Ligand code: F6P
């Protein structure tokens with residue numbers, strides 16, 4: 001009997017449990033495999049902490065949010081056990097053998113892909129499922145969880161509309177998505193946002209303010225601004241360019257300096273400076289401005305029907321691929337069909353929104369301001 005291990009790692013996302021259910025039901029019910037769940041991602045696997053996945057474990061979880069296995073941001077080479085960070089690669093490799101595993105399924109977003117690739121390079125049979133609200137993974141049209149997050153965020157924009165209209169305010173709604181704008185763009189379009197700011201298009205604050213003023217002068221005294229946590233203004237881009245140049249002038253040699261690495265980090269965090277944006281817009285337009293940060297609401301709760309279907313399709317396909325002996329790939333979907341992509345083409349890669357994407361064109365054509 002083939003025995004497979006499964007874990008969830010990185011940020012949770014609606015549809016993880018539905019994917020586990022698809023995988024588990026097909027693996028045990030159709031292919032006669034055994035399945036072991038590891039608790040809390042790689043730290044659990046390193047410590048051999050398992051979750052019972054027999055009998056009715058896969059019943060009643062299709063509609064539930066979160067992950068029944070638990071998760072965290074640990075990587076095989078950096079797990080935190082009892083508060084102490086450590087490299088657990090060797091324990092993980094040992095436990096793969098100890099539990100007599102034929103394959104390990106890693107479920108999650110970019111963290112899961114990076115870690116699975118790392119373990120694949122160390123000889124393990126790994127296979128992954130793309131589950132993230134960010135939709136930032138190459139190798140699949142959509143990742144599991146994205147559709148639900150778009151629904152939640154679009155509903156939030158709907159609700160914010162009535163209060164913005166009543167108070168004649170600008171409401172800025174910040175959404176997740178890391179360095180990509182998929183979620184904000186989709187939810188912004190679906191919710192009828194007037195301005196959509198995404199990391200792929202650094203924005204000019206004045207152009208946003210002018211667009212809002214124009215609306216206000218035409219009698220629309222409210223505006224909804226959807227902004228990605230990773231969106232960055234042109235001013236910030238220029239600031240970081242200057243800082244990098246100054247740093248390069250100061251140092252010799254070609255190695256990336258610590259200062260430069262630090263600048264990159266700061267740039268990531270400076271992105272999404274929604275409070276700054278709100279202050280600038282209020283100054284410019286003299287319209288009262290409020291902020292709503294959707295945060296973890298976008299990740300919690302029951303998956304949408306579309307995500308349940310996708311999770312079931314990919315979870316069951318994953319079991320079939322293991323049966324066929326296909327490893328070292330992420331299981332995704334293209335135009336409704338299951339496709340596999342080698343992990344080296346997924347790990348450490350980010351799928352950003354192409355500037356000529358149809359959603360961007362559509363947004364422009366209905367008059368959305370994208371800050372450029
Ligand atoms: O990757 C999913 C995500 O929700 C991102 O959109 C967000 O930037 C990040 O995770 C938040 O991370 P954490 O759960 O560690 O706070």
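The values are calculated or read from the model by the stated rules, or taken from the named source; none is laboratory data. The structure displayed is predicted, hence computed values, not measured ones. Don't worry about glycine lacking a Cβ; one is built from the backbone with ideal geometry, like all the others, and counts go over all protein chains shown.
Below is a table of values for the structure above.
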{"item": "Yes/no for residue 219 being assigned to a loop (DSSP other than H, G, I, E, B) and away from the ligand (no atom under 16 Å from the Cβ)", "result": "yes"}
{"item": "Residue selected from the range 117-153 under the condition more than 16 Å from the ligand (Cβ to nearest atom) and assigned to a helix (DSSP H, G or I), by the criterion surrounded by the fewest Cβ atoms within 10 Å (Cβ to Cβ)", "result": "121"}
{"item": "Residue count, the range 84-109 (criterion: surrounded by 24 or more Cβ atoms within 10 Å (Cβ to Cβ) and in a helix (DSSP H, G or I))", "result": "1"}
{"item": "Condition met for residue 69 (part of a loop (DSSP other than H, G, I, E, B), modelled with pLDDT under 95 and within 16 Å of residue 315 (Cβ to Cβ))", "result": "no"}
{"item": "Test for residue 332: is it touching a strand residue (DSSP E or B) at 6+ places or on another chain (Cβ under 6 Å), surrounded by 18 or more Cβ atoms within 10 Å (Cβ to Cβ) and closer than 30 Å to residue 20 by Cβ", "result": "yes"}
{"item": "Search result, residues across the range 282-296 that are in a helix (DSSP H, G or I), under 28 Å from the mean Cα position of the chain (by Cα) and touching a residue at least 24 places away in the same chain (Cβ under 8 Å)", "result": "295"}
{"item": "Conditions (1) closer than 24 Å to residue 181 by Cα; (2) outside any helix (DSSP H, G or I): number failed by residue 326", "result": "(1)"}
{"item": "Qualifying residues in the range 1-20 (those that are crowded, with 24+ Cβ neighbours inside 10 Å and away from the ligand (no atom under 16 Å from the Cβ)) - the one nearest to residue 71 (Cα to Cα)", "result": "7"}
{"item": "Sole residue being over 19 Å from residue 113 (Cα atoms) and modelled with pLDDT of 95 or more, chosen from 289, 340", "result": "289"}
